[in-house]
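Undergrad: Before we start, here is the structure in question, set down as structure tokens.
Values in this text are rule-based calculations from the coordinates and carry no lab data. Given the structure is predicted, the values throughout are model-derived calculations rather than measurements. No Cβ is skipped: glycine too gets one built from the backbone with ideal geometry, and neighbour counts run over all protein chains shown.
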Ligand code: IMP
């Protein structure tokens, strides 16, 4: 048995959904511990493509139970829409399979409105949020003004909380009908009730029963509100430490931390990105890698792998292994670059700068490796990879000091290379 945290090492979109899905085959439980429906996980099974935003990817296996834990922010409308979409694709999700924490905070219509309103007022300093109400909901949580799932079960309590909240001062010209919102969310609460439990208790019992568990992070390390490129971040803690708080388990219960690392880097939304490519190669990575947001459809900015940022992500997450994804997207490039340092104000830096202004002005210093011409998307054995592709993987492993246990070469489950490690 093992409790494994899966974290994104970059700005999200590293392919965590596919990796969670593959590992979930041998899991009893998959737990989402932060974020909300700002996330987008694409999982391809046979001829079906599943796009999940809120519900953990483990749901595609009947034997696998799933949890939306306390650290998540939950939009109940999206929750039921996603269940309906899965149903239309042949996946029936029951309260027996899916559990929701009673203390998870709820995204309400005014949170979505506030998110978009605040973003439009940011002018030059836009964060490029997904507009799903994530930031304002976490703001309320920290300000002790939030509405939690358990509050939806009692109309009086819900009404009091929504009316006491000062959101109308922030949105003086809103056209929302407060009484209608209370009615709607009380009804959603009734529908939600069969799914709702004390998920910390449930997860800890599963750990005591020696079950196999994945704690699935959304977004990525560089979007972490503490450790990311603040203020261009999301409002939660995707890093592995967030899994303890967000799922209600002790740190000593975690056995492994798997970092998902894309073979290049992408970023959606605003904020600095030193290895971003503003040339043909960047566009090529975007097109070949289908780098368009699962949630918003926005084109993602693409660039070379950044080892400085990756070593930082390894440190703040305590990564014990790496899964390298989308290696096939680099097929056909004559050379592949890896950033190994930054030049900032004439100074060479090999550790990640915490000041976003330094990061913004960082000039990447690259190492160049030879590329490969072959199509690797059908290869499932590491030894069969072209020599230069193998060398690229080994280079990352050596530079990062963390073993690479999996390499993904396509979106399908079978497009995965498992690398056996010597004991
Ligand atoms: P928010 O999470 O909607 O508040 O957005 C904050 C920042 O995080 C924006 O730059 C978003 O584009 C980015 N972001 C949020 N969720 C994801 C994700 O799942 N993948 C990639 N970027 C994300």
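Undergrad: Could you list, bin by bin from short to long, the percent of Cα-Cα pairs of the stretch 1-128 in 5 Å steps?
TA: Binned Cα distances yield the sequence 2, 10, 18, 23, 20, 13, 7, 5, 2, 0.
Undergrad: OK, next. In whole Å and largest first, what semi-axes does the C-alpha gyration tensor of the chain yield when each eigenvalue is scaled by 5 and square-rooted?
TA: On the way: eigenvalues 257, 131, 70 Å².
Calculated on Cα positions only, the semi-axes equal 36, 26, 19 Å.
Undergrad: With 10 angstrom as the radius, rank 398, 190, 126 by how many other C-beta atoms surround their C-beta, starting from the fewest. Each step should come with its number before you reach the end.
TA: Numbers: 398 9, 190 12, 126 15.
Sorted ascending by nearby Cβ count, the order is 398, 190, 126.
Undergrad: Ok, one more. Report the residue, chosen from 396, 344, 203, that carries the largest GNM mean-square fluctuation when the chain is represented by alpha-carbon nodes joined by springs under 10 Å.
TA: Among 396, 344, 203, the largest mean-square fluctuation in the Gaussian network model of the chain belongs to 344.
Undergrad: So for the pair residue 278, residue 253, with labels modelled 7 Å out along Cα→Cβ, what separation do we get in nm?
TA: About 4.8 nm separates the two model spin labels.
Undergrad: Would you mind ranking 279, 244 so that the residue whose beta carbon has the fewest other beta carbons within 10 Å leads the list? All intermediate terms of the calculation are to be shown ahead of the outcome.
TA: Values: 279 8, 244 19.
Ordered from fewest to most neighbouring Cβ atoms within 10 Å, 279, 244 come out as 279, 244.
Undergrad: Calculate how many DSSP beta bridges within the stretch 275-423 are antiparallel, expressed in % of all such bridges and rounded to the nearest 5. Could you put the intermediate results ahead of the total?
TA: On the way: 16 of 21 bridges.
Once the DSSP bridges in the stretch 275-423 are tallied, antiparallel ones form about 75 percent.
Undergrad: Compute the label zone of residue 315 within the stretch 350-365: residues whose backbone N is under 13 Å from the point 7 Å along Cα-to-Cβ.
TA: 350-355
Undergrad: By counting other Cβ atoms within 10 Å of each Cβ, how are 102, 57, 408, 88 ranked from fewest to most?
TA: Numbers: 102 19, 57 27, 408 24, 88 7.
Listing 102, 57, 408, 88 from fewest to most nearby Cβ atoms yields 88, 102, 408, 57.
Undergrad: With each label point set 7 Å from Cα along the Cα-Cβ vector, what nm distance links residue 394 and residue 139?
TA: My value for the distance between the label points is 5.2 nm.
Undergrad: Kindly list the residues of the stretch 233-249 that lie in the label zone of residue 171, defined by a backbone N under 19 Å from the point 7 Å along the Cα-to-C-beta vector.
TA: Once the point is set 7 Å along Cα→Cβ of residue 171, 235 turn out to lie under 19 Å by backbone N, inside the stretch 233-249.
Undergrad: Could you tell me how many degrees, from 0 to 90 and to the nearest 10, lie between the Cα long axis of helix 178-192 and the main elongation axis, the longest principal axis, of the Cα atoms of the chain?
TA: That helix lies at roughly 70 degrees to the long axis.
Undergrad: Still on this model: Could you work out how far apart the two model spin labels at residue 156 and residue 377 are, taking each label as a point 7 Å from the Cα in the direction of the beta carbon, and quote it in nm?
TA: With each label placed 7 Å out from Cα toward Cβ, I get 6.1 nm.
Undergrad: Give me the extension gain from residue 190 to residue 413: residue separation times 0.36 nm, minus the current Cα-Cα distance, reported in nm with one decimal. Write out the running numbers ahead of the final one.
TA: Working: separation 223, 0.36 × 223 = 80.28 nm, distance 3.68 nm.
Extra length available between residue 190 and residue 413 comes to 76.6 nm.
Undergrad: Using the 2.2 N^0.38 Å rule of thumb for compact globular proteins, work out how the stretch 262-418 stacks up: its C-alpha Rg over that value, please.
TA: Working: Rg = 15.5 Å, N = 157, 2.2 N^0.38 = 15.0 Å.
The stretch 262-418 yields a ratio of 1.03.
Undergrad: A further question on this structure: Quick check: the angle from helix 199-208's long axis to the longest principal axis of the chain, C-alpha only, nearest 10 degrees?
TA: Tilt of helix 199-208: around 50 degrees.
Undergrad: In addition: How far, in degrees from 0 to 90, does helix 155-164 lean away from the longest principal axis of the Cα atoms of the chain, to the nearest 10?
TA: 70
Undergrad: Suppose we keep just the DSSP beta bridges with both residues in the chain; what percent of those would be antiparallel, to 5?
TA: On the way: 25 of 61 bridges.
Among the beta bridges of the chain, antiparallel pairing accounts for roughly 40 percent.
Undergrad: Another question about this same structure. For the chain, what does the helix formula give at 222 nm: sum of -39500 (n - 2.57) over DSSP H segments with n ≥ 4, over the residue count, nearest 500 deg cm²/dmol? Please report the intermediate quantities before stating the final value.
TA: Details: 13 runs with 131 residues, N = 423.
-9000 deg cm²/dmol, from helical runs alone.
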